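Contents: one structure, followed by commentary.
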């Protein structure tokens, strides 16, 4: 099968292979965000490692496929800087599927990075947004940089 042939001639009808490839890489990045328990994701974590809920780049020994996915995810490349991150937003909903510390649900940086010391001190590092609100975290309740002063800070120690 020739991807450049028109569909009528048993091809895929692809004219702009670079854009088509970028779109497919974007789909893999999206799957990394959505399918957190998939077997393929667990294989990638075992192969390349994970830190703060995000897969590592794999260093020099990674495959070219994985290198391109990381470049797409991180917004590196020719004419495509940041397009994936700009086009994707996490919808928290009721918070049952959103990890409080490791997911970017409030801003562009996860709380485990933004509040590193508090994350290191907290006992329950795998907690959802819903669970934290049930503990007493209030919207607009003073949880800025003085986190320990609010109800959330007291209950997460």
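The values are calculated or read from the model by the stated rules, or taken from the named source; none is laboratory data. Keep in mind that this is a model prediction, so the values were computed, not measured. Heads up, the Cβs are rebuilt from the backbone with ideal geometry, glycines too, and the neighbour counts pull from every protein chain shown.
Look at segment 30-59: where a residue is on the phi > 0 side of the Ramachandran plot and a partner is assigned to a helix (DSSP H, G or I) and surrounded by 12 or more Cβ atoms within 10 Å (Cβ to Cβ), sitting 6+ places away or on another chain with Cβ atoms under 8 Å, you get 52/112; 52/113; 53/112; 58/47; 58/48; 58/66; 58/67; 58/70. Here residue 140 fits the description: in a loop (DSSP other than H, G, I, E, B), at pLDDT below 80 and exposed (fewer than 12 other Cβ atoms within 10 Å of the Cβ). When you scan segment 62-101, how many residues do you find that are touching a strand residue (DSSP E or B) at 6+ places or on another chain (Cβ under 8 Å) and either modelled with pLDDT under 80 or part of a loop (DSSP other than H, G, I, E, B) (or both)? Of the residues in segment 62-101, 5 are touching a strand residue (DSSP E or B) at 6+ places or on another chain (Cβ under 8 Å) and either modelled with pLDDT under 80 or part of a loop (DSSP other than H, G, I, E, B) (or both). With the structure loaded, tell me whether residue 38 is at pLDDT 75 or above and in contact with a helix residue (DSSP H, G or I) (Cβ under 9 Å, 6 or more places away or on another chain) or whether it fails that test. It is true that residue 38 is at pLDDT 75 or above and in contact with a helix residue (DSSP H, G or I) (Cβ under 9 Å, 6 or more places away or on another chain).
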